[in-house]
Every structure is written in C-alpha cells, then in structure tokens.
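The values are calculated or read from the model by the stated rules, or taken from the named source; none is laboratory data. Nothing here was measured: the structure is a model prediction, and the numbers come from that model. Counting neighbours? That spans all protein chains shown, and the Cβs are built from the backbone with ideal geometry, glycine included. Remember, those area values only see protein heavy atoms, side chains included, never the ligands or the DNA or RNA. Shrake-Rupley method; radii C 1.70, N 1.55, O 1.52, S 1.80 Å.
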Number of protein chains: 2
Amino acid sequence: MIDLSLLPDGGIGWLDASGPRGSIVLSTRIRLARNLEGYVFSQRAKDADRTAVLTRVEEAGAASELLRGAVTIRLDQLERLDRQLLHERHLVSKELAGLDREVRPRPGAALMVQGGVGVMVNEEDHLRLHGMRSGFALEDAYAQLEALDADLGRLLPFAFHPEFGYLTSCPTNAGTGLRASVLIHLPGLVLTKEVGKVLQGLAQVGLTFRGLYGEGSEVVGNFFQLSNQTTLGKSEDELLDHLGKIVRQVIEYEEQARDVLLRTAPDEVADKTWRAYGLLKYARKLTFEETMNLLSGVRLGVGLNLIPGLSVYTLNKLLIFTQPAHLAALEGRQTGDPELPTVRATYVRRVLETEAV
Amino acid sequence: MIDLSLLPDGGIGWLDASGPRGSIVLSTRIRLARNLEGYVFSQRAKDADRTAVLTRVEEAGAASELLRGAVTIRLDQLERLDRQLLHERHLVSKELAGLDREVRPRPGAALMVQGGVGVMVNEEDHLRLHGMRSGFALEDAYAQLEALDADLGRLLPFAFHPEFGYLTSCPTNAGTGLRASVLIHLPGLVLTKEVGKVLQGLAQVGLTFRGLYGEGSEVVGNFFQLSNQTTLGKSEDELLDHLGKIVRQVIEYEEQARDVLLRTAPDEVADKTWRAYGLLKYARKLTFEETMNLLSGVRLGVGLNLIPGLSVYTLNKLLIFTQPAHLAALEGRQTGDPELPTVRATYVRRVLETEAV
C-alpha cells in the first residue's frame, strides 16, 4: 500500500485549519490546465503518447527549481484503495484515479507532489498544476502556483495561442486554464433557507458551485466548493480578484445568517449542534454521509462558540479520515467491508475522546 | 400547589424498579370498582349525591384499619397543574382529574391515598380502589387491595347482586369489578416486528392493551399496558392467574426477541441504544414524546447490559419527572410554557450527569 506519510505534510496540510477564516472556509484550491505542443490531447492519446508526455514532465520536474525531488506516483501501478486514498485527499481527480467508471488508469497517468503543490499528468489535460492552502487564501495559493507554472514553462513547450491563451483539451478551460475554488461551509445560509438565493446569485456573476469532491459531486454536510466558471477573456488576477470579492460577500452573508439564528432561535441552534455532537460521540454505526452531516452540525456549534474545547482541526481530521478509503487503510479493512460503519463510529469516538468537551 | 411529598413514598414507590422483572415490567396495577347501595351512579348524580358519597367514604376510611390516616385530596379544589400531576403519577384518571374535556371536577371528586393503595371517589363508579406495585407483582398488589376491599366492605354497603356480583356504572365492569394491568416494555418485539402478532393473540385470550396512560392513550416508547378485558363470570383469582400466565408468556417472547436481536444484529441494537443515550445526554430541546422514545431505547440497552452504570430506577424517574406537569412543577413553570422542551432537556442532562456511564 502507498505510504501517504511519504508525501510532504501527508498531503493534507491544507486541512490543518490554520488558514484565514478557517472555521468557515476549509481550503482554497487553484489549478492550471497546461498542454504540451506537439503531443495529441490526452483523450485521443495512445499509451505511447501518454508515456512520452510523462517522461517529458518528469524530466522537466527533475530540472525545475520547485518540483525537484517531488514524489511521483504512477496511478496505473496502484491498487484501487490507494487511488481512492489520493482522491479522498483531493490530490487526484476521480477520472485520473480511474474511480468513476472503474477503469484502471492508463499508462502515463501520474501525480507529482512537492510541498503544497502537485501536478496531475495525463488527466483531461497533459498537466494539471494545483496548489492547496488551508482557509481562505487565494493570493498565497496562486503565488506558489504561478511560480511553479513559470518554472515548468521554461522547461516545457506549453501550448499557447496569442489570441486564445493556453490551449486545453476542453475549450471551456482555454485562456488562463485557471480554476480557483474555495471549499466553504454554509450551514447558516442553509438553516435560514437563504442558500438557494445566494447560489443563484453566483451564476449571475460567472461563478459556480459543486460538492465536496468537485465536478458532479453532491452537496453534503453544507460544504460547497465555489469556483470561477469562465477561464477566458480575463487575466488570472482579474479572475482571482472577482472570486475573492464574491467569496468575501458569501462569508459575510453566512455570518449574518448565523447572527440571525443566534438571535431568533438560539435554543434550536444549540439543540441541532449538540445533538450532532451526541450522535458522533455515541453512535455505534455511521455512514460517511451521516458523519459529514453531523460534522457539519458540530462545526457550526464550534464556529458559534457553543461547543467549547473542540478544535476545527479535529473536525477537519475526522472529515478526511472517516472517508471510506482512509478509514479502510487506517484499520486494515477493504472499502467494501460491511463492518465499515461500525469501524467508523469507533474511530470517531476514539478521536473525540482525546478532546475534552 | 399540592405537596406530593406528603403522599407516602411521594406516590411513586411503584416506580422504584425494585419489583420482580423490573427491567421489563415497570409496574403492576389493580383496581376494583365498587358502588354504594342507595346512591345513584356517579354519572347521573347531583352534586349533593356526590358529596354525600364522599362523606360516607371518608367516614368509612377514618373507621377502617387500612385507610385510617389517609391523605384525602379534593380534586374540585385543586388547580389544573396539581390535577395533572396526580394524573401523571397514575393516581387519578384523566376523567376524575377533569383533564379530558377541561371540565373542572365536580364537588365530591376526591382521591384518598395510604401506602401503596388509593381510592378514587366519584369517578365512573362511587369507589375505585387501586393498588400499585413496582415490577411484575400481581399477587402482592391484589393481596393488599383485597384486604382494603374487605376492610371497607365491612363499613360500606357495596352494591352486590348474588348473580352478577358487584354492580358497576358500566356493565363491562360488573362482576368482580376488577381490572389488573401490567405496564410492560416491549422494544424487542417491536424491533423484530413481532409485536402485532403478540397483541392480536392477547385479544383471543380475553386480554387487551393500552398506552402508558390507560384507556384511549397511545402507545409511545414501546410501553404497553396489558390488562384483562372481562370482569364477569370468573373469580378474581382466575382472572389474575390468567393474566399472570399470559404476561409471563409475553415476557418470554420479549426475551427471545432480544436474544434474536443480540445474535443477528448486535451492532444495530448497540447503535440504537447508544444513539438514544447520546441524544438524551446532549439535546437542548426535548418533547415528552421524544423523551419517552429515547428512554425506551436506553432502557433496552440497560436491559441488555450494553449500557453499564445506568440504573432502571433513573430511567423510571426520568419517565415520571419529564412529564409536562411534573417538569413544570419542579422548575416553577406553566405546563403551556414554550420553554418547556428546553427545560426538559436541561433536567435530563442534569439527572444523567449524576450517573457515570
């Protein structure tokens, strides 16, 4: 099995809750789509083309300042559990991990990780550079990624068109190739039933939202990923500025909603959050979906200072390690093990017991 | 306000969980319907008739061995909260307490209490003698009641017909005037979905079932009152023997159902019972109905030794003191107070904190 501890910060430094607005914004993620001139796009590429792309990228990585010494993980050589682990850590997409249609990843599918940045190779585009940060930190996340992009750009012939910008496999990503997303927790807006209005508003300003695992994933536990919809016709800074402005507004709406709840229904909010805590602390069987919903309830209580002595870091840790592959890996089980809900409940109790409430 | 501590054992000695089969059978209750010759039945009685009946009973009580020194409570002189308190302690019927149609009790409506026995005066019959015992204790309950019946029978002209036995206001009570009921907790049969079959079987052997508060009350929290349907044509001993035999059988079915659950779904049972405990321990708002259901779940866990360190006595106490009037009286509130669910949750947490789990 893959040893995730080999990755710098175990690949989850971005979830340590140390970043700005950490109790509402879990993390900030930016990716840049890049392709190599002279190589056919991934979808139409043969195995030999893909392997050639990987070789080019590995060579560039070794020669680069920022990717030198990176861990390279060949996804086609990994067992399913390991691929799912990487996906659950948001390091590779469902597609690259071969999880969506249960097709083993093809040769050349790889992930390179170094510090807070990573490169998916032979995903929808030849390269998907990504950077993650704890909390709400668009500038930081982009600064590191921009440096990596420049670094690799000196070593690799990125496909670039003077009019259209970076060329991508899917035209919706062309131009900057940038997608920035912010994983945000909006229980206040959900409880006050205002979230629909806010999400509709996003579409009108060129943003979109997804669930915890990105494209196509459902919203569970009131966790939303807000991101830019368009990548073309604006500069990277404009895109990030715009997203940042809107996210700050959404945070403000969320805080207002929480104030309203505390003022108009304090008992109901306390009840909701403590019930969630009571169930996490005593249940003997927990599905991951219920766990996320309960963690959402507890997170609200911690954010409102209703539940003392419990850290957001612990909640983030539970969110990561109760996922099926993480839990299975941790406890020496298979992801399909029917005992997993029992194992999950035991794990949650053990973690909560270490924190006095 | 009425001071219930004046009553011997606060009127709830029968719920101390000390009796036989205390974790499955909460209590045993027997009542005898009696009427006085020469007085019109209660329903058709004028206030003067009712007052005259009460005077006769009080005089007899004072002269009797077993009722001498009894506390007499005039229900027509009590506030609603106090009448509801007595009803919640199963000492007076909803009808005598004037709670069902919110009609103040008429003059003469009274309760006399002494030890584990009581006499309702001017209910559906002139006298309703009743005795309660903790756990499954038909013989004990009846022995005490039989003595009281004989005692009062020497001092009062009970209406008795050589062929029909004791005459009662409603013919379904004539004969022995006896109704014995056992308050039993059947979560195992409910979870294994076998309870319907068992309850149908009761009807075939002349028994019936009701909810926690007797006639017309709903079954909540898996608490059932099993009692004899017929009162005529059999002796008291035969009626009690028959009920006892059937209840023993129901207890056996319940224990078998619990064995099946432990064998086939141990995690599910543990999960159910611990979740109930977690909610009781952490909720900030609890309706009485939810409280009963959660207490039912915890009670199953205690009965199966899944939850250590928690006594059945504590659960019984919570069942009594979280009722609206008890809670309101205890905390200086009105029963209609919208804060009551919050007050209830606080009370439950306080009681559970005194017991280490």
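Numerical summary
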read-out: Mean-position separation - Cα centroids, the stretch B:191-258 and the stretch A:275-317, in angstrom; value: 42 Å
read-out: 0 to 90° range, to nearest 10: angle between helix B:340-353 axis and chain B longest Cα axis; value: 70 degrees
read-out: Nm distances between copies for A:T264, ranked from closest, using label points 7 Å along Cα→Cβ; value: 4.8
read-out: P(r) of the protein assembly as shown over all Cα-Cα pairs, binned every 20 Å from zero, in whole percent; value: 15, 35, 23, 17, 8, 1
read-out: Packing-based order for A:319-325, B:204-210, B:259-265, using average beta carbon neighbours within 10 Å, highest first; value: A:319-325, B:204-210, B:259-265
read-out: Label-to-label distance, nm, for residues given as A:E339 and B:A147 (7 Å Cα→Cβ offset); value: 5.8 nm
read-out: Label geometry 7 Å along the beta-carbon vector: A:P308 inter-copy distances in nm; value: 3.1
read-out: Residue order for A:F164, B:F224 - accessible surface, 1.4 angstrom probe, largest first; value: A:F164, B:F224
read-out: Sequence-distant aspartates and glutamates (8 or more away, or on other chains) whose Cα lies within less than 19 Å of A:K193; value: A:E218, A:E252, A:E254, A:E255, A:D259, A:D267, A:E268, A:D271
read-out: Per-copy distances of the B:A150 label point, shortest first, in nm (7 angstrom along Cα→Cβ); value: 10.6
read-out: Residues of the stretch A:249-269 buried by at least 50 Å² on assembly (accessible area, 1.4 Å probe, chain alone as reference); value: A:D267
read-out: Theoretical ellipticity at 222 nm over the protein assembly as shown - DSSP helices of four or more residues, -39500 (n - 2.57) apiece, nearest 500; value: -13500 deg cm²/dmol
read-out: Among A:C170, A:V57, A:V312 - extreme Cα towards positive end, dipole of the protein assembly as shown, charges at beta-carbon; value: A:C170
read-out: Two-site label geometry, B:A63 and B:E218: point separation in nm, points 7 Å out along Cα→Cβ; value: 4.8 nm
read-out: Rounded to the nearest 20 debye, dipole of the protein assembly as shown from Cβ charges on Lys, Arg, Asp, Glu; value: 220 debye
read-out: Percent carbon-and-sulfur accessible area, chain A, ignoring ligands, DNA and RNA, probe 1.4 Å; value: 51 percent
read-out: B:C170 - accessible surface, heavy atoms, 1.4 Å probe, Å² rounded to 10; value: 40 Å²
read-out: Accessible surface buried upon A-B contact (total; probe 1.4 Å; Å², nearest 100); value: 1700 Å²
read-out: For the protein assembly as shown, with +1 on Lys and Arg beta carbons and -1 on Asp and Glu, the positive-most of A:T354, A:I184, B:T346 along the dipole; value: A:I184
read-out: Folded to 0 to 90 degrees: helix A:47-63 orientation relative to chain A principal axis, Cα; value: 80 degrees
read-out: Magnitude of the charge dipole, the stretch A:145-300, Cβ model with Lys/Arg +1 and Asp/Glu -1, debye to 20; value: 620 debye
read-out: Nearest-to-axis residue of chain A, judged by beta-carbon position, where the axis maps A onto B, in Å; value: A:G278, 2
read-out: Partners for B:K94 among lysines (Cα-Cα distance below 23 Å; same-chain residues under 8 apart left out); value: B:K46, B:K317
read-out: A:K197 paired with A:F164, simple spin-label distance in nm, labels 7 Å along Cα-to-beta-carbon; value: 4.1 nm
read-out: Magnitude of the charge dipole, chain B, Cβ model with Lys/Arg +1 and Asp/Glu -1, debye to 20; value: 680 debye
read-out: Probe 1.4 Å, all protein chains present, accessible-area order of B:H161, B:H87, largest first; value: B:H161, B:H87
read-out: Kirkwood estimate for the stretch B:235-319, i.e. one over the average of 1/r between Cα atoms, Å; value: 14.5 Å
read-out: Solvent-accessible surface (1.4 angstrom probe) belonging to B:K234, in square angstrom, nearest 10; value: 100 Å²
read-out: Binned Cα-Cα distance frequencies in the stretch B:266-355 - 5 Å width, integer %; value: 3, 15, 27, 25, 15, 9, 4, 2, 0
read-out: Shape category assigned to chain A from the gyration tensor of Cα positions, a/c cut at 1.5; value: oblate
read-out: All lysines inside 21 Å of B:K197 as judged from Cα atoms, apart from same-chain residues fewer than 8 positions distant; value: B:K245
read-out: Average accessible area per residue (Å²) across chain B - probe 1.4 Å, nucleic acids and ligands excluded; value: 42 Å²
read-out: Relative contact order %, the stretch B:4-256, counting alpha carbon pairs below 8 Å whose residues are six or more apart; value: 25 percent
read-out: Per-residue SASA entry for A:F136, accessible area with 1.4 Å probe, Å² rounded to 10; value: 30 Å²
read-out: Calculated FRET value between B:K46 and B:D267, using beta carbons and R₀ = 60 Å, to 0.05; value: 0.40
